[in-house]
Amino acid sequence: MIQRILAILHARNLEFLRDKATLGWNVAMPLLLVAGMAAIFSGGDRASYKVALVQAEQEINTAAHPYLETRYFDFIAMDQEEAIERVANHQLDLALDLNAGTYWINPESPGGYFAERLLEASSEEGAWRRQPASGDPITYVDWLIPGILGMNIMFSCLFGVGYVVVRYRKNGFLKRLKATPLRPVEFMSAQILSRLLLAIFVTLLLYGATRLLLDIRMEGSGLALFLVAVLASISLVAIGLAMAARVTSEELAGGLLNLVTWPMMLLSGVWFSLAGAPQWVQQLSNIFPLTHALTAARDIMLYGAGFADVLPQLLILAGITAAFLTVGAALFRWRGA
Amino acid sequence: MTGPPILAVRELVKNYGQVRAVRGISFDVPRNCCFGLLGPNGAGKTTTVEIIEGVTPATSGEVLYEGEKAGAAFRQDSGVQFQTAALQDFITVRETLEMFHRLYRRRADIDQVIADCALEKLQKRDNRKLSGGQRQRLLLAIALVNDPKILFLDEPTTGMDPQARRNFWELVERIRARKKTIVLTTHYMEEAQALCDEIVIMNEGVIVTQGAPDTLLKAHYKEIILELPEADLEELPAEFPFHTYRRNGLVEIHTDDANEAITRLSRAGAPLGRLNIRPFRLEDLFLDLTGKELRS
């Protein structure tokens, strides 16, 4: 069995590595993206304002205080501990507890300075108790890089496997393999391994480049982050295999894969946080493996989470992998209808 | 060709929706022979072979290999050359063979396979850069990497020029000489006559005849054929008690007394310079049994 998996894996790797155009695109595109981001973000931080409201309810009552009616401010409900941590890391400009009459601010944060001045302007003098929350800033690019790495893994794993399997089926290569002792699970394992190796290689390359060019934050366990990348890759390859299990048309495969990738790109927190989004959107985002992968990656990179802290996300990714591999193996056809 | 059959097909049925492509056929493939499966387009021969090869599921019926239901052992022991099969791009002939080689427990000497299929000079060539004949030789080599006991060749010479086809036949003869069983699907009756020890002719999903080509021809025909161009025999002689047919610009005269037929033609003043005398061939049998012309 191992011999057969390795045979298919080796041949697939040779095919991929010698296809200079595809290889170049897979490696160069993400690197170009990082270079572009370096050019855009290396000069400064973001210029928008986010304020946490310390409260249990998700709903923000803007009538509770004139400050909450300030335009161009995002007010996000969260618990006190998380709010203070995010203020300390410059992820939020200010945290406000209306009931306790307290606010937290990082004295080093430029955004915090303006948020505080506006709070003072909209309140009576002496109405608030000021609490400092200090820490290194987490810039937008620090926050964005895990999203970029995850997005690259998503595209590489979903399209890289889905299209290849459909092409093999359409041109009859799978039919030829079916006449050998190779079993579907062996074929699928070889595809997973081949794409995993590529995805991890490119992710390591990107990670190294972003550390070098953008000096991004890395507070937690590198091993845990590596494990997140591996499980994210496998779960996405499994989804790609399940979607391509019977399809014989590249056009249909493209449509199906876009059906998955676009919602994930928008709702998994690649580009922006869903902290201020409606509750149902946040719940919906939990069905995507990328959401869990990015949550875990950001917890590790930005907040120093360890293996045990991200275990729930790792288990979810493993569960998604198992579910889609089972579905993929059950649906898999060597030939089209 | 002694002993129990290597392969037995029993009551095989294949439906595609409402269409019944194969209608309950049964036959045995004797050991160590070249077995031909012939039929016009739509006869069900490719479906039958693909069911035997295990790449298409049967609606009902069974395929027995060495007396057992064809399964894992059959896949290890069989080699398949499809008429067309895509291979991976960007990998070479030798790498392709090595990949397939590693899928089997039972393995041939890969250098010997390469030599047998005259691929020595093409080992480092990218699959995409092979000509049609070279590609067919590679597909045959892939079918041989496991030193198969039974080899399936599906229209292996379609698209080849006559010289390449002859070379391919010689190659198949050499394989057969090693006591292999070959199942050959072909449209070329000349190919079947040259290579096959036994044939099955299918039409509309059923078997219309089965046997050794010579035996079948002897059983069906006691006569020989005189052929003349239609231009040389526009009207038949008045007294001419032989069956005649006009096909493809020729007049065919079927007779068991060639001397008498030629004498009558000569007396009637027909020019005989372009007269051709030949025995019945598989092509004639095929036409008579199926009523259909071959694609070739």
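The values are calculated or read from the model by the stated rules, or taken from the named source; none is laboratory data. All values reported here derive from a predicted model rather than from experimental measurement. Here the Cβ positions follow ideal geometry from the backbone for every residue, glycine too, while neighbour counts run over all protein chains shown. Note: areas computed on protein heavy atoms with side chains; ligands, DNA, RNA excluded. Shrake-Rupley method; radii C 1.70, N 1.55, O 1.52, S 1.80 Å.
Quick look at the values:
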| item | result |
| --- | --- |
| Convex hull projection area averaged over all views, the range B:1-155, Cα basis, nm² | 10.0 |
| Cross-link partners of B:LYS124 among lysines (Cα-Cα below 21 Å; sequence separation of 8 or more within a chain) | A:LYS20 |
| Mean Cα-pair separation over length for chain A, i.e. relative contact order, pairs under 8 Å, 6 or more apart, % | 20 |
| DSSP bridge orientation in chain A - percent antiparallel, rounded to nearest 5 | 20 |
| Positive-end residue of A:LEU9, B:VAL200, B:GLY159, charge dipole of the protein assembly as shown with Cβ unit charges | B:VAL200 |
| Relative contact order computed over the range B:7-218 (Cα-Cα under 8 Å; 6+ residues apart), in percent | 30 |
| Given A:LYS175/B:LYS149; B:LYS121/B:LYS180; A:LYS170/B:LYS179; B:LYS45/B:LYS121; A:LYS170/B:LYS45, the pairs whose alpha carbons are separated by over 24 Å | B:LYS121/B:LYS180; A:LYS170/B:LYS179; B:LYS45/B:LYS121 |
| The range A:49-132 - convex hull of the alpha-carbon atoms, volume per residue in Å³ | 83 |
| Charge dipole (debye, nearest 20) of the protein assembly as shown; +1 at Cβ of Lys and Arg, -1 at Cβ of Asp and Glu | 1740 |
| Rg in Å to one decimal, and Dmax rounded to a whole Å, for chain B via C-alpha atoms | 22.3, 71 |
| Furthest towards positive pole of dipole, B:LEU226, B:ALA212, B:ALA238, structure part the range B:203-247, Cβ charges | B:ALA212 |
| Counted charge near A:ALA245, where neighbours are those whose Cβ lies closer than 10 Å (Asp, Glu -1; Lys, Arg +1) | +3 |
| Cβ charges +1 (Lys, Arg) and -1 (Asp, Glu), total dipole of chain B, debye | 1220 |
| Zone residues, the range A:284-304, relative to A:LEU223, backbone N less than 17 Å from point 7 Å out along Cα-to-Cβ | A:300-301, A:304 |
| Candidates A:GLN282, A:GLN91, A:GLN58, ranked by Gaussian network fluctuation over chain A, Cα under 10 Å, top entry | A:GLN58 |
| With Cα atoms, 0 to 90° folded angle of helix A:222-243 axis to chain A main axis | 50 |
| Within 10 Å of each Cβ in A:174-186, the average number of Cβ atoms from other chains | 6 |
| The protein assembly as shown: radius of gyration and largest Cα-Cα distance (Dmax), Å | 36.6, 136 |
| Net charge dipole size for the range A:49-132 [Lys, Arg +1 and Asp, Glu -1 on Cβ; Debye, nearest 20] | 220 |
| Normalised alpha carbon radius of gyration of chain A [divisor 2.2 N^0.38 Å] | 1.16 |
| Histogram of C-alpha separations across the range B:45-99, 10 Å bin width, % | 18, 43, 28, 11, 0 |
| Histogram of C-alpha separations across the range B:222-278, 5 Å bin width, % | 4, 20, 36, 30, 8, 1 |
| Solvent-accessible area buried by pairing B with A, both sides, nearest 100 square angstrom, 1.4 angstrom probe | 2500 |
| MRE, 222 nm, helices only [DSSP H, n ≥ 4, -39500 (n - 2.57), over chain B, to nearest 500] | -9000 deg cm²/dmol |
